[in-house]
1. Tell me yes or no: at least one residue of the range 21-28 is touching a Lys or Arg at 6+ places or on another chain (Cβ under 6 Å) and among the aromatic types (Phe, Trp, Tyr).
2. Which residues, counting only those in the range 53-105, are of a type in the set (Lys, Arg) and over 19 Å from Asn129 (Cα atoms)?
3. Among the residues of the range 21-45, write down those that are open to solvent by less than 30 Å² (accessible area, probe 1.4 Å) and among the charged types (D, E, K, R).
4. Tell me the residue from Val121, Val130 that is at pLDDT 95 or above, within 15 Å of the chain's Cα centre (by Cα) and hydrophobic (A, V, I, L, M, F, W, C), please.
5. In this structure, is Pro48 over 13 Å from the mean Cα position of the chain (by Cα), modelled with pLDDT of 95 or more and not basic (Lys, Arg)?
6. Restricting the range 134-158 to residues that are touching a Pro at 6+ places or on another chain (Cβ under 9 Å) and assigned to a loop (DSSP other than H, G, I, E, B), which is surrounded by the fewest Cβ atoms within 10 Å (Cβ to Cβ)?
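The values are calculated or read from the model by the stated rules, or taken from the named source; none is laboratory data. Here the structure is a predicted model, which is why all the values come from computation and not from measurement. Neighbour counts run over all protein chains shown; Cβ positions are idealised from the backbone, glycine included. For accessibility, only protein heavy atoms count, side chains too; no ligands or nucleic acids. Shrake-Rupley method; radii C 1.70, N 1.55, O 1.52, S 1.80 Å.
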Amino acid sequence: MSVELTGRAVAKRVARRRRDDRLDPPWAAGYPMEGDQRACQAYLRQLPIMGGPARSNPFGYYQILLDGAVVGGIGFHGPPRNGLVEVGYGVVPAVRGKGVATEALRLILKLATGFDDVRRVCGRTSPDNVASQRVMLSAGMRFVGRDPEFLHYEIEVR
């Protein structure tokens, strides 16, 4: 299992659900999910604000690969603000419950530790998404609160 940072061209294809057979690895059934499309659209919208792809790295969208096929996505919701960066993720139904999302989140958290401007990473999920709650807890995040819509998790990386 690995995670690979996408560039503008890949993000455009994911947002449009148009895989390029010559350039992209195979996509598992169900990929991209709606969350992947939204994440790529948001990434593409924020590129000009962040100063382009070079300035957005590594705070973009990553594809999760398993056995050479894209099975989901994970990434940061933009660059850090006041030392805090938010992460989101999702995997196709066929690989859920197999530790793929947890392993991907651990890789992203490890990546976040390498940046001086990141002190904390947060994530959120709906109260009924017990699987996502387990993913964040298994990756070392802790529950820090809730609002009317979401449960919030966080981890200090510095």
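1. Yes, the conditions are met somewhere in the range 21-28.
2. Arg55, Arg81
3. Asp24, Asp36
4. Going through Val121, Val130 in turn, the sole match is Val121.
5. No: the conditions fail for Pro48.
6. Residue satisfying both the conditions and the ranking: Glu149.
Results for (1) over 12 Å from the mean Cα position of the chain (by Cα); (2) surrounded by fewer than 19 Cβ atoms within 10 Å (Cβ to Cβ); (3) not in a strand (DSSP E or B), shown as yes or no for each residue.
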position: Tyr89; (1), (2), (3): no, no, no
position: Ala94; (1), (2), (3): yes, yes, yes
position: Lys98; (1), (2), (3): yes, yes, yes
position: Ala104; (1), (2), (3): no, no, yes
position: Phe115; (1), (2), (3): yes, yes, yes
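Yes/no matrix, rows are residues, columns are (1) in a strand (DSSP E or B); (2) open to solvent by 50 Å² or more (accessible area, probe 1.4 Å); (3) under 22 Å from Val10 (Cβ atoms):
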{"residue": "Phe59", "(1), (2), (3)": "no, no, yes"}
{"residue": "Val70", "(1), (2), (3)": "yes, no, yes"}
{"residue": "Pro79", "(1), (2), (3)": "no, yes, yes"}
{"residue": "Ser132", "(1), (2), (3)": "no, no, no"}
